[in-house]
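Below is one structure, written out as structure tokens, with a few remarks after it.
The values are calculated or read from the model by the stated rules, or taken from the named source; none is laboratory data. Since this is a predicted model, take the numbers as computed values, not measurements. Note: accessible area is taken over every heavy atom of the protein model, side chains too, but ligands, DNA and RNA are not part of it. Shrake-Rupley method; radii C 1.70, N 1.55, O 1.52, S 1.80 Å.
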Amino acid sequence: YLVSRRLKSAEANTLAGIAGLLCFMGGGIWVTQQHTEGHRPLHLSNITRIPAYYVGVVDDYVVQKPGYQNTVLQVEQVQVNGQWQPAEGKVQLSVPHDSDRTYEVSYGDRLLIKGAPLPVPPPANPNQFDYRQYLANKQVYHRHFLQPQQYQFLGSDPPNPVLNFSILLRRKMDEILKESIEERREYGISSALMLGVKDELDNEILQVYNNTGTTHVLAVSGLHVGLIYSVLMLFLVYVNRTRRQKIAVAAFLIAFLWMYAFITGLSPSVLRAVVMFSLVTVARTISRRPNIYNTLGIAAFFLLLYDPYYLLDVGFQLSFLAVLGIVYLQPLLYKTVTFDNWLLDNIWALFTISVAAQLITFPLGLLYFH
């Protein structure tokens, strides 16, 4: 870049551009290599002998299922032939839920487990959903269905204090909802809508949402963040004039959005939206007209820098494509019909937003969900 600025020629600019793209490509390959745990020599996949015991730390949310709870364990040590040795790898644990406790295990719990985890099997039928690949994209290559007396609690040591605080905050909010709403069904819907916790939703309710095509409402996502942002902007529009007020409003908006992200457990879908809205807010505050394509690119770049495997996540693909469709296609569709009536014009605008998002995500819907 410095050479191209000094020479100021088309050839130098071309070479600098090619070198820059190659650097980004090399950086992407390196970051992906660092995040692919199966390549590491101490990984469970590379241990030739079957361990008798292993120790690890719960490194994910605990999800309620009928009769058991699911989570992910980050392995630290394995015992092979009576000798303990360091090891790495994530194991999907299924822990029996047969006590009065809300959660059998929690994030940060260190467990001693008897036995060895098994590699996730491939799909049994052609064109079946490849659950093994789905878990591999999350760096989970093994799973273990535990029996009640097969594990022992050794202590608590949360690997990520920020995520631990987020999970504890979400659990506290969930407890408040549970105490405030007596009906189990209404509590389950409220918890799913506001916090993204779907543990208490019964199959009948889920089927109703599936039949009406509105299941996405129960998954906390960019839609919720956008609604919160819009409502806050509506209330703060009159105190957003002077430069000092703009800075104060921007700080409040960004803080509130990140607080909501913490309450919902820092899910990837919410993080995507919060990063994008934060960038838009900063751009508006410094009196720059935000380019939504650049905002999308920057948000995607930092999220993929954090975890390159987000690129293979269906939610990541759908959310970015939907926003791209709304930004590019919606203005074209909106201009096809003109209404003088204010109400009809707004209804048409909302309708074209929905159509734009549906059109651009339609190919992915066919690919993944047929």
Extension reserve of the LEU234-TYR293 stretch, reckoned as 0.36 nm per residue once the Cα distance is removed: 18.8 nm
Principal-axis tilt of helix 161-180 within the chain, Cα atoms, nearest 10 degrees: 90 degrees
May I ask you to give the solvent-accessible area per residue for segment 273-370, in square angstrom, as obtained with a 1.4 angstrom probe? 65 Å²
On a 0 to 90° scale, report how tilted helix 342-369 is relative to the longest principal axis of the chain, with both axes built from alpha carbons and the result rounded to the nearest 10. 40 degrees
At a Cα cut-off below 28 Å, give the lysines reachable from LYS178, other chains included and same-chain residues fewer than 8 away excluded. LYS65, LYS198
Any chance you could run the full-extension gain for ASP98 through THR32? It's 0.36 nm times the residue separation minus the Cα-Cα distance, nm to one decimal. 19.8 nm
Rounded to the nearest whole Å², what accessible area per residue is found for segment 118-210 with the 1.4 Å probe? 68 Å²
Counting each DSSP H run of 4 or more residues in the chain as -39500 (n - 2.57), what helix-only mean residue ellipticity at 222 nm follows after dividing by all residues, to the nearest 500 deg cm²/dmol? -17500 deg cm²/dmol
Using 0.36 nm per residue of separation minus the Cα-Cα distance, give me the extension gain between SER45 and GLN150 in nm, one decimal. 35.6 nm
Quick tally, 1.4 Å probe accessible area for TRP84, TRP348, TRP342, TRP30, sorted with the most first, runs TRP342, TRP30, TRP84, TRP348
On the accessible surface of the chain, probed at 1.4 Å with all protein chains in place, carbon and sulfur together account for a percent value of 63 percent
So how exposed is ARG40, as accessible area in Å² (1.4 Å probe, rounded to 10)? 80 Å²
Candidate aspartates and glutamates for bridging to LYS90, where Cα separation is under 13 Å - those fewer than 8 sequence places away on the same chain excluded: GLU37, ASP59, ASP60, GLU76
Taking Cα atoms only, helix 268-285 is inclined relative to the longest principal axis of the chain by an angle, in degrees rounded to 10, of 30 degrees
